[in-house]
Amino acid sequence: MKNLLRVTLGILTAIGGFVDMGDLVASAVVGSRFGFALVWVLLLGVVGICVYAEMAGRVVAVTGRPTFDLVRQRLGPRVALGNLAASLLVTGLTLAAELAGVALAVELLSSVSYLLWVPAVTFAVWVVIWRVKFETMERVFGLLGLALVVFLVAFFRLDPQWADIGHQITHPTVPSGEGHPTYFYYAIALFASAMTPYEVFFFSSGGAEERWNKRQLGLSRLNVMVGFPLGGLLALGVTACAALVFQGQAIDVDHLSQAALPAGLALGKVGLALALLGIFAATFGAALETALSCGYTVGQYFGWSWGKSAAPQRASRFHAVVLTALFAAAALVLTAVDPVKVTEYSLIFAAVALPLTYLPILVVAGDRDFMGSHVNGRLANILGTFFLGVILLAALAAIPLLFATKAGL
């Protein structure tokens, strides 16, 4: 248990990145429409985020400088300002979806419209950010999010056909009735969800909040190597359950309740209750991550005092940005816009913003003047360069595929 509590930052970051509101529904949609034919994308995304999160954690432990501080220095103030605007747009849209996701989870338990819960959810997120210690926050919501392991249990209870699943994973093909543009549209959305910029913003800033230094390099790597693969595994569980229950049934999966349904079918009321608990914790944790990331990026760009653990009087502008982001996101949700579509669009826009986020991390982690003996090794540089190439391809293809497929329809 002591070792588990040491990696809750990585667990919270990964659960918020891999199984937040949009990813829960997107994973279910992918499973229902493509079965296991896009598992390779999820695996690629897990390795990619591990590579760059390890660099970001190592950089903050060695230099004390989180990700967006590096973005401004390496890209210059003008380009970094454009990146800041794009990151805030993507993160703000995701924050709106997460607030809606928490409210929808409460709606499923109370039968009261989620729109009526949005103000209370927004207030609760603000109270946690304002009053709860960072370490307590990451432990509570990181560990509660592990309730989503119920999808892995449900998968085994749904009598999977292992030979067929193995063939779909190792020989991915586009199912009949689906076009190649739609297949690659969802591939980019899955990849972007694994490498969403706010994950490294939150993870590196969280390391700074916890005052990581060179003595915590091992702890940083442990958070990456446990947290992010675990998040990917939980997302795979959602996809796998949806594939077994919905694929070939001509059912359009477009609601949070449908994503939770396989756990209830396999494990009854207990399974459904655990799924809803995990969904609540994952979306609430993602709301905390995205709200804080709005404050982190703005504070680091302008050189303000920032941080959840900083005294409010000293970091007043940081807290003002977080509060403004929460108000704006709640206002968007209260327009009754479809929260699932909001997150799906944010994932595609995130794919476009990825290169400007990850390039500075790769450059600084490979700079011996900054990193000294902790500079990237050959393997880290090879993997970082490879995934930067993949990121660039995804960024170039994202918008054309968005229009060509009418957002995956």
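Odds and ends about this structure:
- Residue match in region 83-93 (condition: surrounded by 20 or more Cβ atoms within 10 Å (Cβ to Cβ), within 20 Å of LEU234 (Cα to Cα) and in contact with a helix residue (DSSP H, G or I) (Cβ under 7 Å, 6 or more places away or on another chain)): no
- Subset tally (residues that are part of a helix (DSSP H, G or I) and surrounded by fewer than 19 Cβ atoms within 10 Å (Cβ to Cβ)) for region 398-409: 4
- Subset tally (residues that are touching a residue at least 60 places away in the same chain (Cβ under 8 Å) and either basic (Lys, Arg) or buried (at least 23 other Cβ atoms within 10 Å of the Cβ) (or both)) for region 66-82: 9
Conditions tested, residue by residue: (1) more than 21 Å from the chain's Cα centre (by Cα); (2) farther than 17 Å from LEU88 by Cα; (3) of a type in the set (Gly, Ala, Ser); (4) at pLDDT below 90.
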| position | (1), (2), (3), (4) |
| --- | --- |
| LYS308 | no, yes, no, yes |
| PRO312 | yes, yes, no, yes |
| ALA315 | yes, yes, yes, yes |
| HIS319 | yes, no, no, no |
| ALA331 | yes, no, yes, no |
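- Options ALA353, ALA380, ALA328: the member that is out of contact with any Lys or Arg (no Cβ under 8 Å at 6 or more places or on another chain), in a helix (DSSP H, G or I), open to solvent by less than 20 Å² (accessible area, probe 1.4 Å) and touching a residue at least 60 places away in the same chain (Cβ under 8 Å): ALA353
- When residues of region 338-349 are limited to those that are in contact (Cβ under 8 Å) with a residue 40 or more places away in the chain and more than 26 Å from TYR301 (Cβ to Cβ), the one most open to solvent (accessible area, probe 1.4 Å): LYS341
- Some residue of region 77-91 being closer than 17 Å to ALA286 by Cβ, assigned to a helix (DSSP H, G or I) and either in contact with a strand residue (DSSP E or B) (Cβ under 8 Å, 6 or more places away or on another chain) or of a type in the set (Ser, Thr, Tyr) (or both): yes
- Output for region 121-148, where each listed residue is more than 21 Å from the chain's Cα centre (by Cα), at pLDDT below 90 and of a type in the set (Phe, Trp, Tyr): TRP130
- Qualifying residue in region 269-277 (condition: open to solvent by less than 60 Å² (accessible area, probe 1.4 Å), at pLDDT 90 or above and closer than 18 Å to PHE156 by Cβ): yes
- Residue within region 291-300 that is open to solvent by 50 Å² or more (accessible area, probe 1.4 Å) and of a type in the set (A, V, I, L, M, F, W, C) present: no
Residues checked against (1) of a type in the set (Asp, Glu); (2) surrounded by fewer than 18 Cβ atoms within 10 Å (Cβ to Cβ); (3) assigned to a helix (DSSP H, G or I):
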| residue | (1), (2), (3) |
| --- | --- |
| GLU178 | yes, yes, no |
| VAL200 | no, no, yes |
| GLY207 | no, no, yes |
| SER220 | no, no, yes |
| VAL245 | no, no, yes |
| GLN249 | no, yes, no |
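- Residue within region 106-120 that is within 20 Å of the chain's Cα centre (by Cα) and open to solvent by less than 40 Å² (accessible area, probe 1.4 Å) present: no
- Scanning region 170-179 for residues that are of a type in the set (A, V, I, L, M) and without any contact (Cβ under 8 Å) to a residue 60 or more places away in the chain turns up nothing.
- Search result, residues across region 180-198 that are open to solvent by 20 Å² or more (accessible area, probe 1.4 Å), in contact (Cβ under 8 Å) with a residue 12 or more places away in the chain and over 16 Å from VAL352 (Cβ atoms): PRO181
- Picking from residues in region 171-209 that are under 26 Å from the mean Cα position of the chain (by Cα) and among the polar types (S, T, N, Q), the one that is farthest from PRO66 (Cα to Cα) is THR182.
- The single residue among VAL62, VAL51, VAL30 that is modelled with pLDDT of 80 or more and under 21 Å from LEU244 (Cα atoms) turns out to be VAL30.
- Residue in region 366-377 that is among the hydrophobic types (A, V, I, L, M, F, W, C) and crowded, with 18+ Cβ neighbours inside 10 Å present: no
- PHE284 being free of Cβ contacts under 8 Å to residues at least 60 places away in the same chain, assigned to a helix (DSSP H, G or I) and open to solvent by less than 60 Å² (accessible area, probe 1.4 Å): no
- Inspection of region 53-61 identifies no residue that is open to solvent by 10 Å² or more (accessible area, probe 1.4 Å) and not in a helix (DSSP H, G or I).
- Within the option set ALA266, ALA273, being free of Cβ contacts under 8 Å to residues at least 60 places away in the same chain and more than 17 Å from VAL25 (Cβ to Cβ) holds for one residue only, ALA273.
The values are calculated or read from the model by the stated rules, or taken from the named source; none is laboratory data. What you see is a predicted model, and the numbers here were worked out from it, not measured in a lab. Ideal geometry is used to build each Cβ from the backbone, glycine not excepted, and the neighbour counts take in all protein chains shown. Remember, those area values only see protein heavy atoms, side chains included, never the ligands or the DNA or RNA. Shrake-Rupley method; radii C 1.70, N 1.55, O 1.52, S 1.80 Å.
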